[in-house]
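J.: Can you read through this structure? Questions will come right after.
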Amino acid sequence: MRWEPGKAARAGGLAFTACAVVGTKFVTDTLLADGFGWHVIGFFGLLMLLNLAATPLNWRVTADSAGL
């Protein structure tokens, strides 16, 4: 028996990924226009969010007669 993400989980993961990409683009444009400063610290957090967005898109649980 297998469980995978449904349509809602995949849509949420795609929306989360889109928000992270838009945020990264905004911070990159700010960085190019104003130079490096303390206001770009959030950029590193946005990169970590891309990793978190992969979870609702790609999880899978498999069970057999012995359990998980």
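J.: Do you know which of the residues in segment 28-61 that are modelled with pLDDT of 75 or more and of a type in the set (Val, Ile, Thr) is nearest to residue 2 (Cα to Cα)?
T.: Applying the filter and picking the extreme gives 61.
J.: Taking the conditions exactly as written (modelled with pLDDT under 75 and either of a type in the set (A, V, I, L, M, F, W, C) or touching a strand residue (DSSP E or B) at 6+ places or on another chain (Cβ under 9 Å) (or both)), does residue 14 satisfy them or not?
T.: no
J.: What are the residue pairs meeting all of these: first residue in segment 8-22, first residue touching a residue at least 12 places away in the same chain (Cβ under 8 Å) and within 9 Å of residue 56 (Cα to Cα), second residue open to solvent by 40 Å² or more (accessible area, probe 1.4 Å) and of a type in the set (Ser, Thr, Tyr), Cβ atoms under 8 Å, and 6 or more apart or on different chains?
T.: 13/55
The values are calculated or read from the model by the stated rules, or taken from the named source; none is laboratory data. Keep in mind that this is a model prediction, so the values were computed, not measured. Glycine also receives a Cβ, built like all others from the backbone with ideal geometry; neighbour counts cover every protein chain displayed. SASA here: full protein model, heavy atoms, side chains in, ligands and nucleic acids out. Shrake-Rupley method; radii C 1.70, N 1.55, O 1.52, S 1.80 Å.
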